[in-house]
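The values are calculated or read from the model by the stated rules, or taken from the named source; none is laboratory data. The model shown is predicted, which means the values in this text are computed figures rather than measured ones. Cβ placement follows ideal geometry from the backbone for every residue including glycine, while neighbour counts extend to all protein chains displayed. These area figures cover heavy atoms from the full protein model, side chains too; ligands, DNA and RNA do not enter into them. Shrake-Rupley method; radii C 1.70, N 1.55, O 1.52, S 1.80 Å.
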Amino acid sequence: MLIGSIHCCLNNFFHFGYWFADKLFCLEGSPKSKVQTRLFWDSMSLIHIVVSLISQFYSNLFIFLRPKWEGGEYEGDDKQRFEALCLAMELGAEYVDVELKVADDFVRLISEKKPDNFKLIISSHNYQSTPSSEELSSLVARIQAAGADIVKIATTAVDIVDVTRMFQVIVHCHVPMIGLVMGERGLISRLLCPKFGGYLTFGTLGVGKESAPGQPTISDLLNVYNIRQIGADTKIFGIVGKPVGHSKSPVLLNAAFKSVGLDAVYVPLLVDDLVNFLNAYSSTDFAGFSCTIPHKEAAVGCCDKVDPIAKSIGAVNTIIRRPSDGKLIGYNTDYVGAISAIEDGIRGSQGVGKETVSPLAGKVFVIIGAGGAGKALAYGAKEKGAKVVIANRTYERARELANLIGGHALTLAELETFHPEDGMILANTTSIGMQPNVNETPISKLALGSYSVVFDAVYTPKATRLLREAEESGATVVSGLEMFIRQAMGQFELFTNLTAPENLMRDTAMRYT
Ligand SMILES: NC(=O)c1ccc[n+]([C@@H]2O[C@H](COP(=O)([O-])OP(=O)(O)OC[C@H]3O[C@@H](n4cnc5c(N)ncnc54)[C@H](OP(=O)(O)O)[C@@H]3O)[C@@H](O)[C@H]2O)c1
């Protein structure tokens, strides 16, 4: 499996890429600045200089000059472009990529000149959608017939389900194939490429340097997703959400899998429709999922069986596919993660150890939000003997939840003056204050004076505006990061049946948030 690429826009006319296998780890020490310098020579000098220069440092050189009409930057004529690509081949570039539409002309040009180790990639790009499996298969056949040593097809994901068609085609392709689905919804086509037998995947040197939508960084491919360890037998886990890009679960769970030597990878899954997603990714290779906004409640109805606590909460944040029969079983690890974090935060601030009576017992426990996390906290606080109050943007949902657990409901406006007693506990379970909206807060600083303990489920950033203002008001604060670590440990144990490596997960969470 070959991975890695650098795509450098050298000037307005040329997109230039190269990839390398053996020397990937040299990347950080490579002469990046030289490669990325803007060059203004004509195409032949450019190719001559750059190919000669880079081939001193890297093997497996991969060259393309993508024309505007195929989504690239090259605006010149094909004659000059083909001469440049031909020169690259003669200078030792091992791979040259040309577009299917002009492949016949290029194949004619290089016939009888092809060096032994040279491979021609013939590519097709679709920036709108991903065609049906039949259309993709017939495209593969046309690319093969045009004389490709390697077939390359890049399409666009309108929905994450589109990626399944690309995986299917790669698995059945008889020639080496690069099959990638562009866009955030197509990310798993890039991360799981070795699992399904793709010839290579592309990575960028850094965020903002992508040559196509949705490319991960080389550093994430290697260090977060451990792509070198992914193979046909690797089990896939992932976090299902929308949005999902902010989640640190992939960092945490991949590090934990690696530490126990598990052949598994954990990926972000940007999912619009949970039912469609679970139907499409129904193979036992997809062994388990975390659920986040906005799918936790819908997940209850998608599982074949739901753990009684998750059922009482009305939200599932963990789904495992039971190996014996493939049935989906739903759990909730948010409840224990959040409640134990708040209890330990209070005990820590009071300097007391673990007692049988919960420090939540008898307290007014105000929860902002009535979604998945809100339900988990409401259930947990009630279990611990607190007097639960729910405040939510949609008052109707606050009332439903309050009725369900035997609590009291408020509008967000009423929350501002709600002060039945001192020393109350407040928990934000909305996404207010989450990156990028870090200046937002769900309650005024003035109203925070009524609370002795404030918890925020939001953990990106770690110190939200709510927590900063609560601390300034003299409250004990409990970060959502603590809940995050604890719920992730619970998920790890459900996914693997192993004890979670707590220290490693804590260190990793601290490092990446
Ligand atoms: N630290 C952790 O481990 C952890 C675990 C789980 C969740 N979380 C965080 O908790 C938050 C909620 O997650 P969830 O899964 O419970 O989501 P969810 O089921 O979609 O519920 C979202 C809740 O937030 C409210 N809300 C959303 N945007 C709002 C806004 N602009 N103003 C007022 N209220 C708003 C919604 O009110 P409506 O009912 O009116 O729509 C709903 O009550 C997310 O930020 C998530 O990252 C953290």
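Some notes on this structure:
- Sequence-ordered 3J(HN,Hα) estimates for the stretch 91-105 from the Karplus curve with 6.51, -1.76 and 1.60 and θ = phi - 60° stand at 7, x, 4, 7, 10, 10, 10, 10, 7, 3, 4, 10, 4, 4, 4 Hz, glycine and proline given as x.
- Low-density loop cleavage sites - trypsin sites (Lys or Arg not before Pro) in the stretch 220-309, where at most 13 other Cβ are within 10 Å (DSSP): none
- Dimensions of the stretch 335-478 from C-alpha coordinates, computed as largest minus smallest value along each principal axis and given longest first, are 36, 33, 26 Å.
- Across the stretch 505-511, computed HN-Hα scalar couplings (Karplus, 6.51 cos²θ - 1.76 cosθ + 1.60, θ = phi - 60°) run 5, 5, 4, 5, 4, 5, 5 Hz from first to last residue, x flagging Gly and Pro.
- Rolling a 1.4 Å probe across all protein chains gives D325 an accessible area of roughly 80 Å².
- Nonlocal amide H pairs with I239, under 5 Å, H built at 1.01 Å: V267, L269, S290
- Near the amide H of I63, within less than 5 Å, lie the amide hydrogens of Y95, V96, D97, all on another chain or at least 5 residues away, with H placed in the peptide plane.
- Charge tally in the Cβ shell below 11 Å around D105, where Lys, Arg are +1 and Asp, Glu are -1, D105 excluded: +1
- Restriction of the GluC sites (Glu not before Pro) in the stretch 108-140 to DSSP coil positions whose beta-carbon has at most 16 other beta-carbons within 10 angstrom yields E112.
- Taking θ as phi - 60° and the Karplus parameters 6.51, -1.76 and 1.60, the scalar couplings of the stretch 267-280 work out to 10, x, 10, 7, 10, 8, 10, 4, 5, 4, 4, 5, 5, 6 Hz in sequence order, x denoting glycine and proline.
- The relative contact order of the chain, computed from alpha carbon pairs under 8 Å that lie at least 6 residues apart in sequence, is 9 percent.
- Length gained when the stretch D325-Y127 is fully extended (0.36 nm per residue, less Cα-Cα span): 67.4 nm
- Apportionment of accessible area to carbon and sulfur, the chain, percent (1.4 Å): 51 percent
- Think of the stretch 335-478 as a dipole: +1 on every Lys or Arg Cβ, -1 on every Asp or Glu Cβ, centred on the Cα centre; then among P436, Q350, G371, G371 lies furthest on the positive end.
- When R165, R468, R190, R142 are compared by accessible surface with a 1.4 Å probe, the order from highest to lowest is R142, R468, R165, R190.
- In range of the label at A463: residues from the stretch 478-492 whose backbone nitrogen is under 17 Å from the point 7 Å along Cα→Cβ: 478-482
- The listed residues H172, H408, H125, H295, once ranked by accessible area (1.4 Å probe) with the largest placed first, stand as H172, H408, H125, H295.
- Area of T156 that stays accessible when all protein chains are in place (1.4 Å probe, Å², to 10): 30 Å²
- Antiparallel content of DSSP bridges confined to the chain, in %, to 5: 15 percent
- A crude spin-label estimate for the pair D285 and D77, with each label 7 Å from Cα along the Cβ direction, gives 4.6 nm.
- Pairs from the table (K68/K235; K113/K195; K354/K462; K152/K296; K152/K242; K311/K363) lying more than 31 angstrom apart at Cα are K68/K235; K113/K195; K152/K296.
- For G203, nonlocal amide neighbours, meaning residues 5 or more places apart or on other chains whose placed amide H falls under 5 Å from its own, are G4, S5.
- Label-reachable residues, the stretch 230-264, where backbone N falls under 17 Å from a point 7 Å from L498's Cα toward its Cβ: 230-231, 233-238, 250-264
- Of the residues Y95, S219, V454, the one whose Cα sits farthest towards the positive end of the charge dipole of the chain is V454 (charges of +1 on Lys and Arg Cβ, -1 on Asp and Glu Cβ, taken about the Cα centre).
- Debye, to nearest 20: dipole size of the chain, +1 on Lys, Arg Cβ, -1 on Asp, Glu Cβ: 600 debye
- Restricting the stretch 59-127 to trypsin sites (Lys or Arg not before Pro) that sit in a DSSP loop and have at most 15 other Cβ atoms within 10 Å of their own Cβ leaves K113.
- Surface exposure of the stretch 335-478, expressed per residue as accessible area with a 1.4 Å probe, stands at 43 Å².
- The largest accessible area among I320, I110 belongs to the first residue in I320, I110, and the rest follow in falling order (1.4 Å probe, all chains).
- Sites K305 and K113, calculated FRET efficiency, Cβ-Cβ separation with R0 56 Å, nearest 0.05: 0.35
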